[in-house]
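Asks: Next up is a structure, given as C-alpha cells.
The values are calculated or read from the model by the stated rules, or taken from the named source; none is laboratory data. As the structure is a prediction and not an experimental result, all values here were calculated from the model. Reconstructed Cβ throughout: ideal geometry from the backbone, glycine too, with neighbour counts over all protein chains shown.
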Amino acid sequence: MEGPANTLAYMIAGYAIIFTVLAVYLVSLVVRWRNLRQDEETLREIEKKR
Amino acid sequence: MDAKPRWLSVLDVVTALMLTAATIMVFFYAPMEAVMGPVQKVFYYHVAHAWVGMLSFIVAGIAGIAYLRTKNIKWDIVGLATVELGMVFMLVGIVTGSIWARPIWNTWWTWDPRLTTTTIMELIYAAYLMLRQGIEDPERRARFGAVYAILGVVSVPLTFFSIRIFRTIHPVVIGGGDPGADGSFDMTPKMLQTFLFSLLAFTVLYADLMWHRIRLGRLAERVEQLKLRLSQ
C-alpha cells in the first residue's frame with residue numbers, strides 16, 4: 001500500500017506565507033501607529049505656537 | 001493620552017498563547033492525512049483565514065448600518081478596520097488554497113465557483129479601500145463606505161453557499177459536498193478538534209487585531225481633525 005503523497009514543500013510554503021503575512025501586518029500596524037503619533041505631536045506643537 | 005488598555009495587553013497574550021497552541025495541535029496532535037500527506041495541514045489555517053475574512057466583511061456591513069443610523073464616525077472607523085483585516089485574511093485564504101490545490105488538483109488555480117466568488121469578494125473590498133481614498137470629506141467618505149459595505153456584504157453568502165449550490169470541485173467541510181469535489185476527506189476526532197480550535201484561535205486573533213486597528217483608526221481620525229483645524 002502506498003503512503004501519503006510527498007507534499008511537505010507545499011505545507012512549508014503555506015505556513016511560511018501565513019506567518020509572514022501576519023508578521024508584515026503586525027509591523028505595518030506598529031509603523032503606522034508611530035508615524036501617526038509623530039504627526040499628532042508635530043501638529044499639536046504647530047497649534048500651540050499659533 | 002491613548003495609553004494601551006490593560007485588557008488589550010491581556011488579549012494580546014491570550015491570542016499569542018492560543019495561536020501557539022493551535023500551531024502545536026496542527027503539527028503534533030492532528031494525524032497526517034492518509035492520501036494528501038503534509039499539505040492537508042494547510043487546511044486548518046486556510047479555512048480559519050477564510051472564516052475570519054467572511055466574518056470581517058459581515059462586521060463591515062453591520063458597522064455600515066450602525067453608521068447610517070447614528071452618523072457616529074466611530075462606526076466608520078470600525079468599518080474600515082474590519083475591511084482591511086478581512087482583505088488580509090481572505091488574501092491569505094486564497095493563496096494558501098492555491099498552494100493546497102497545486103498537488104491535489106494538479107493546478108494552482110481554476111475558475112471554480114468558490115474560487116471565483118471569493119476572488120470577486122476580495123476585489124469588491126479592494127475597490128472599497130481604493131474608492132475611499134478618493135473622497136476627502138470625512139462625512140461623505142463615511143456615508144459612502146457605509147452604503148458600499150452594506151451592498152458588498154451580499155458577496156459573503158454568495159461565496160459561502162457557492163460550493164453548496166453550484167457544481168464544484170472545492171471540498172465542503174461542513175455539510176454534504178458535491179460528489180465531484182476533489183480533495184475531500186473525513187475528519188478524525190483529533191482533526192476535528194484541531195480544526196475547531198484553529199477557528200476559535202483565529203477568531204480571537206481577529207478580535208485582538210480589530211482592537212489594535214480601531215485604536216489606530218481613532219488616532220488617524222484625531223490627526224485628520226488637527227490637520228483640518230490648522231488648515232482653516
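Asks: If you take the residues of segment B:98-113 that are within 28 Å of residue B:208 (Cα to Cα) and touching a residue at least 12 places away in the same chain (Cβ under 8 Å), which of them is nearest to the other protein chains (Cβ to nearest Cβ)?
Replies: Filtering segment B:98-113 down to residues within 28 Å of residue B:208 (Cα to Cα) leaves B:98-100.
Right, trim to touching a residue at least 12 places away in the same chain (Cβ under 8 Å) and you get B:99-100.
Numbers: B:99: 5, B:100: 7 Å.
Filtering segment B:98-113 for residues that are within 28 Å of residue B:208 (Cα to Cα) and touching a residue at least 12 places away in the same chain (Cβ under 8 Å), the one nearest to the other protein chains (Cβ to nearest Cβ) comes out as B:99.
Asks: Right, here's the next one. Scan segment A:1-47 residue by residue and report those that are surrounded by 11 or more Cβ atoms within 10 Å (Cβ to Cβ), of a type in the set (Gly, Ala, Ser), closer than 22 Å to residue B:53 by Cα and more than 7 Å from chain B (Cβ to nearest Cβ).
Replies: A:16, A:28, listed by residue number.
Asks: Follow-up. So, residue B:207, is that one touching a Leu at 6+ places or on another chain (Cβ under 8 Å), assigned to a helix (DSSP H, G or I), within 14 Å of another protein chain (Cβ to nearest Cβ) and surrounded by fewer than 20 Cβ atoms within 10 Å (Cβ to Cβ) or not?
Replies: Working: touching a Leu at 6+ places or on another chain (Cβ under 8 Å): yes; assigned to a helix (DSSP H, G or I): yes; within 14 Å of another protein chain (Cβ to nearest Cβ): no; surrounded by fewer than 20 Cβ atoms within 10 Å (Cβ to Cβ): yes.
When the stated conditions are applied, residue B:207 does not pass them.
Asks: Hey, another quick one. For segment B:40-49, check the following and say yes or no: at least one residue is under 20 Å from residue A:27 (Cα atoms) and not in a loop (DSSP other than H, G, I, E, B). Walk me through how you get there before you give the answer.
Replies: Here is the first cut: in segment B:40-49, the ones under 20 Å from residue A:27 (Cα atoms) are B:49.
Within this subset, residues satisfying the condition of being not in a loop (DSSP other than H, G, I, E, B) are B:49.
Yes, segment B:40-49 has at least one match.
Asks: Ok, one more. Quick one: would you say residue B:191 is crowded, with 17+ Cβ neighbours inside 10 Å and either of a type in the set (A, V, I, L, M) or more than 14 Å from chain A (Cβ to nearest Cβ) (or both)?
Replies: yes
Asks: Same structure, new question: So, of the residues in segment B:173-226 that are small (Gly, Ala, Ser) and farther than 25 Å from residue B:14 by Cβ, which turns out to be modelled with the highest pLDDT?
Replies: Narrowing segment B:173-226 to residues small (Gly, Ala, Ser): B:175-177, B:180-181, B:183-184, B:198, B:201, B:207, B:217, B:220.
With farther than 25 Å from residue B:14 by Cβ added as a condition, the list becomes B:175-177, B:180-181, B:183-184, B:220.
Details: B:175: 62, B:176: 58, B:177: 55, B:180: 59, B:181: 65, B:183: 68, B:184: 72, B:220: 96.
Of everything passing the filter in segment B:173-226, B:220 is modelled with the highest pLDDT.
Asks: Any idea which of B:35, B:47, B:95 is facing another protein chain (nearest Cβ under 9 Å), surrounded by fewer than 22 Cβ atoms within 10 Å (Cβ to Cβ), of a type outside the set (Phe, Trp, Tyr) and closer than 28 Å to residue B:145 by Cα? Don't jump to the end; show me each part of the working.
Replies: Working: B:35 fails: closer than 28 Å to residue B:145 by Cα; B:47 fails: facing another protein chain (nearest Cβ under 9 Å).
Exactly one residue qualifies, and that residue is B:95.
Asks: Yes or no: residue A:50 within 7 Å of chain B (Cβ to nearest Cβ) and of a type in the set (Lys, Arg)? Write out each step before concluding.
Replies: Working: within 7 Å of chain B (Cβ to nearest Cβ): no; of a type in the set (Lys, Arg): yes.
No.
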